[in-house]
Amino acid sequence: MKKPSLSAFLLLCVSLAIPRIGATQDHDRKPDLLVDDDKVQCPTAAFTSIQDAINAANPGSLIRVCPGTYPEQLSITKSLSIEGDNGAIVMPSNMVANTTGSSGAAIAAAILVKNAANVGVEGLIVDTTSNGITECSPDLIGILYQNSSGRIEHNAVRNTKLSASLNGCQSGDGIVVQSLGGEASKVSIDDNSVHDYQKNGITGNESGTEVTITDNVVTGLGPTNGAAQNGIQIGFGAKGVVIRNTVTGNVWSPCLSLANCAFNATGILVFESDDVRIERNSVATNQVGVFAGGKNAKVESNNISNSLILFGIDLAGDNNLARSNHVTNSGQAAVLIEGNNNSVQGNELTEAPVGILKLSGTVGNTHSGNSFFDILILVQDPASGGIVHVAPQR
């Protein structure tokens, strides 16, 4: 018998070490409630509306949603799980505000989970094409967990955007987890497809929030003159890990150069949050691949490529580590250091005007063991220049 390789063993160990937040769904469990919009696929269904099934469910219930289109906003305030069959589409029309955010601004969420523990949402297509919102307010969100815990898995969240005339509004987020009023939210966000959002793909915000974001495919609009997009964001005191995601296509067209860039679009954005892990992601065709704007972030073993105009990795905070990343084809530099006491170790940096760029006035930063290919200037230290202006969502 062929023995497993050491690398395979290590990969298994690392995979097992990734935290999973919320209970794992038993896929052999019989549903407690069955929903079918027309009772064609599931003629024994007791409900034609998902919300009616939610209202009738006891805590801990499993709701199965049969194929069909469900034109409704959902509100969940109890522990339960929703599993969608292939072809189960939540497509609300003429959406209205159903909660408020950290600033008190109105939010219209297609699926709202609020003040509830162990809520699972799995296998749904969440499409807000028909949202009907005619102004920048309320903010449009696909799936929103507030002060809640659970898991968001194997969903397709798409078209969280307003009409073309409102594309500059800072609205339109695919999946958001946030904690308000000193409460907590712990959510795992795994294996989802998120695309055609106006502002952010996946967001975890505010102190008390902990997110595990793994194996998602997050695809921006590509070059846009509207809101400056971010693929994945952890910000404003939230904690979390971002592992094995594919993040592409976040490009703000008015950003033409470092000197002429009021804001930029970022693949993975950490803003005012500490101790975030960003590992083994594939990040391509964004203006900044990974922005580490907190303290003690670990940016490790990512593949970051085609960072248009700006940088592959930006260590904007303090005491951050960038290690064992492959960074290819960066507009300004493969790695920018804006903060202090950061470490750049063992990265493979290919094709950029500058390999490692340290802004003047920064202190305590170190670099070692990096490999440089097709780089004009390996290390520029110090370098004059302005800070990078990211555009976080809150």
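The values are calculated or read from the model by the stated rules, or taken from the named source; none is laboratory data. A quick note: this is a predicted structure, and the numbers were derived from the prediction, not measured. Cβ: placed from backbone, ideal geometry, glycine included. Neighbour counts: every protein chain shown. Heavy atoms of the whole protein, side chains included, go into the accessibility calculation; ligands, DNA and RNA do not. Shrake-Rupley method; radii C 1.70, N 1.55, O 1.52, S 1.80 Å.
One table, with the values for the structure above:
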| item | result |
| --- | --- |
| Accessible solvent surface per residue of the range 173-246, calculated while the other protein chains remain in place, 1.4 angstrom probe, Å² | 24 |
| The range 80-158, relative contact order in percent, only Cα pairs under 8 angstrom and at least six apart counted | 38 |
| For the range 24-124, share of DSSP beta bridges that run antiparallel, in % to the nearest 5 | 10 |
| Nitroxide proxy distance, nm - points 7 Å out along Cα→Cβ at Ile387 and Thr77 | 4.1 |
| Beta bridges per DSSP with both ends in the chain, % antiparallel, nearest 5 | 0 |
| Mean accessible surface per residue for the range 294-394, computed with a 1.4 Å probe while every protein chain stays in place, in Å² | 41 |
| Förster radius 56 Å - calculated FRET efficiency between Asp32 and Ser360 (Cβ-Cβ, nearest 0.05) | 0.35 |
| Gained length - Ser207 relative to Asp275, 0.36 nm times residue gap less alpha-carbon distance | 23.2 nm |
| Share of carbon and sulfur in the accessible heavy-atom surface of the chain [1.4 Å probe, %] | 52 |
| 20 Å cut-off, amide nitrogen to a point 7 angstrom out along Ser368 Cα→Cβ, residues in the range 268-311 | 296-301 |
| Positive minus negative residues near Ile89 (Lys, Arg vs Asp, Glu; Cβ under 12 Å) | -3 |
| Karplus-derived 3J(HN,Hα), 6.51/-1.76/1.60, for each residue of the range 206-216, Hz, glycine and proline x | 5, 4, x, 8, 9, 10, 10, 10, 9, 6, 8 |
| Cα shape, the range 224-271, gyration tensor, a/c 1.5 rule | prolate |
| Estimated FRET transfer efficiency when R0 is 35 angstrom, pair Phe263-Thr48 (beta carbons, to 0.05) | 0.20 |
| Local electrostatic count at Asn329 - Lys and Arg +1, Asp and Glu -1, tallied over other residues with Cβ under 10 Å | -2 |
| The range 241-394: C-alpha gyration tensor shape, a/c 1.5 cut-off, then a/b vs b/c | rounded |
| Projected-area mean, the range 132-256, by convex hull of Cα positions, square nanometres | 7.4 |
| Sequence-separation-based contact order of the chain, relative, with Cα cut under 8 Å and 6+ spacing, percent | 8 |
| Label assignment, Cα extents along the principal axes in Å derived from the structure, set (1) 57, 56, 42; (2) 68, 63, 37; (3) 63, 51, 40 | (2) |
| Percent RCO, i.e. relative contact order, over the range 305-360, from Cα pairs under 8 Å lying at least 6 residues apart | 38 |
| Förster-model FRET efficiency, 25 Å R0, Asn58 and Ala105, C-beta, rounded to 0.05 | 0.15 |
